[in-house]
Amino acid sequence: MEALRASVERARSPKDTRGKATASGTTPGKRSPKKRIRSTPKAQDLASLTKADLYERAAAAGIPGRSAMTHDQLVDALAGSGRRRS
């Protein structure tokens, strides 16, 4: 039980003795890296997926007519899903 208590205390203490730990687990003054903006997947990346995987992604993207689409049509629809429709 003492070993568990010591382990918990070590986990709660800051890793770097130069600064105190914060609620987010980072030390003050350090900035987190900028988040990457997701881009639309490239057609060649999508082509390696199965039709079932493509269908799931099309459903999540709200692509109409997806149930009647072929593998290649799903790839094309998903590759263009990031574009604005007018």
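Condition check ((1) at pLDDT 75 or above; (2) surrounded by 11 or more Cβ atoms within 10 Å (Cβ to Cβ); (3) farther than 26 Å from Ala79 by Cβ; (4) of a type outside the set (S, T, N, Q)) across all residues:
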position	(1), (2), (3), (4)
Ala6	yes, no, yes, yes
Ala21	no, yes, yes, yes
Arg38	no, no, no, yes
Gln44	yes, no, no, no
Ser48	yes, no, no, no
Ala61	yes, yes, no, yes
For this session: Filter the stretch 64-85 down to residues that are assigned to a loop (DSSP other than H, G, I, E, B) and within 17 Å of Lys42 (Cβ to Cβ) and give me whichever is modelled with the lowest pLDDT.
Result: Arg83
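The values are calculated or read from the model by the stated rules, or taken from the named source; none is laboratory data. What you see is a predicted model; the values in this text were computed from it and never measured. Positions of Cβ are backbone-derived with ideal geometry, glycine not excepted, and every protein chain shown enters the neighbour counts.
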